[in-house]
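The values are calculated or read from the model by the stated rules, or taken from the named source; none is laboratory data. Just so you know, these numbers come straight off a predicted model, no measurement behind them. FYI the Cβ positions are ideal-geometry reconstructions off the backbone, even for glycines, and counts take in every protein chain you see.
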Amino acid sequence: MSHSSISELMSYLDTLAEPRIVLDRSYNIIGANRAYLSYYHVGDLPIAGRHCYEVSHRYKRPCDEEGESCPLKSSLQSGQPHRVLHIHHTVRGDEHVDVELTPIRNAEGEIEYFVEMIHTVRAGSALPEGELVGRSAAFNRMLEQVTRVAPSQADVLLLGESGTGKELVAHAVHDASKRATGPFVAVDCSSLPENLFESELFGYEKGAFSGANQRKQGLVEAASGGTLFLDEVGDIPLGLQVKLLRLLETGTYRRVGGVEPLRSDFRLVAATHRDLKKMIAEGSFRRDLYYRISTFPILLPSLSERMEDLPLLMEALLKRISTDHAMSIHPATLLCLSKYDFPGNIRELRNLIERATLLADGDVLLPEHFPDPCEEKQDSLHSGQSFSQVMTLEEMEKSYLEWQVRNSGLGRRELAERLGIGERTLFRKLGKLTKI
């Protein structure tokens, strides 16, 4: 493309509301539209001429060399547009963004430039203030699936262990959908006895049974225009699964004691910790219902699979629990908890933090305030540890940081000052330490 063609392209991009930048094949930023500059640009340096990975991530080399997916490299290899979820550095801090890269070809059909469109993902946060909090690879994979499916009408099936935050993810799907202004109705299928399940879900007519003195709206009717969240869908009695299947297939149902077919327009998000395929083989879950609800399955990682997020999660949960006064987490506490498996996942972590805030007399949570996960943990590094073995610089930094955490007795702020780094930088390094 000629210089005049690039100028025309930039003039057009300036008319668009979404942030966009133009890149060449060597990761150089050719230009950015006004929307990008007003929303994402950080610092006083001009953005044109700098590398995209430097501006967005503060990396010194392309994303794929830093262990992340690089949309530019993928698009170069495939010749097709590419979409990926990244964490970008902005004036507001680190944010999850949905990046869509489109190649631009010259007259000979060769890829010469790329236009990158960026959307901030409101559903998740790389900062502790968000609802869905995380920045690990496992969390980002899950969040990327949420951003892909949310704008559609497809039914979603959330899979994963108990305590991984399925209802929060269901809310995120709803809030990012076209039904966000409609109701979000959650149904805990495991808590409804079989004899009440149908009447709660579909409602009932006056006189349908003893005690039914007036007509009652069901949860399906309440969800019309919005999202119906069926938590623990694997616990729905087998005899009622066929009625749920009919509802999903036709959009119609009948109240208990009623004869008139009613309609409800909702988007289904279901969740379970059970192995539904195993239940199908055992005859306790309908195969046709499984295929109906599993249009877009999303696997939620367990906490043990995203331990890099532990510092961020602890800070976020502590802010929500300790609202009357500020509290902090001692680095030794974080290191101790990073060795724990958390079979109850984030739900267990929250309970442990809430108990610790009650046990603590001061404003710092220490290992002694987490007796169950920390009481049997032994120090693996001691003051006399030898560093004579050959290690990479990264391994040496991890070992030294762990030694400082265990032996210095300093809080996070004091330890950061001793190490000559910012407190937030120390927190990120501690997050990486949990992956050891």
**Answer residue from the range 22-45, given it is modelled with pLDDT under 90 and either surrounded by fewer than 14 Cβ atoms within 10 Å (Cβ to Cβ) or among the acidic types (Asp, Glu) (or both) and is nearest to the chain's Cα centre (by Cα) among those** = Ser38
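For the range 240-295, give me each residue that is among the basic types (Lys, Arg) and touching a Lys or Arg at 6+ places or on another chain (Cβ under 7 Å).
First, pick out the residues of the range 240-295 that are among the basic types (Lys, Arg): 243, 246, 254-255, 263, 267, 274, 277-278, 286-287, 292.
Selection gives Arg267 alone.
For a quick check of your reading: which strands (runs of 3 or more DSSP E) sit entirely within the range 25-114 and have at least 3 residues that are within 25 Å of Ala137 (Cα to Cα) and touching a residue at least 40 places away in the same chain (Cβ under 8 Å)? Spell out how you get there, then give the answer.
Values: elements: 29-32, 82-90, 93-105.
Correct list: 82-90, 93-105.
The rows are residues; the columns are (1) crowded, with 17+ Cβ neighbours inside 10 Å; (2) among the small types (Gly, Ala, Ser); (3) modelled with pLDDT under 95.
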position: Arg246; (1), (2), (3): no, no, yes
position: Val256; (1), (2), (3): yes, no, yes
position: Arg263; (1), (2), (3): no, no, yes
position: Phe266; (1), (2), (3): yes, no, no
position: Ala270; (1), (2), (3): yes, yes, no
position: Ala281; (1), (2), (3): no, yes, no
**Prompt:** Does Ala154 satisfy the condition of being modelled with pLDDT of 95 or more, surrounded by fewer than 20 Cβ atoms within 10 Å (Cβ to Cβ) and either outside any loop (DSSP other than H, G, I, E, B) or out of contact with any Cys (no Cβ under 9 Å at 6 or more places or on another chain) (or both)?
**Reply:** yes
**Prompt:** Out of all the residues in the range 167-178, which are crowded, with 19+ Cβ neighbours inside 10 Å and either farther than 21 Å from Ile346 by Cβ or free of Cβ contacts under 8 Å to residues at least 24 places away in the same chain (or both)?
**Reply:** Ser177
**Boolean, Glu116 is of a type in the set (Asp, Glu), over 20 Å from the mean Cα position of the chain (by Cα) and farther than 30 Å from Gly160 by Cα** = yes
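Considering Thr181, Thr164, which residue is part of a loop (DSSP other than H, G, I, E, B), within 22 Å of the chain's Cα centre (by Cα) and surrounded by fewer than 20 Cβ atoms within 10 Å (Cβ to Cβ)?
On the way: Thr164 fails: surrounded by fewer than 20 Cβ atoms within 10 Å (Cβ to Cβ).
Just one listed residue meets the conditions, Thr181.
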**Request:** Among the residues of the range 57-82, write down those that are touching a Ser or Thr at 6+ places or on another chain (Cβ under 9 Å) and either under 18 Å from Ile21 (Cβ atoms) or surrounded by 19 or more Cβ atoms within 10 Å (Cβ to Cβ) (or both).
**Result:** Cys63, Ser75, Pro81, His82
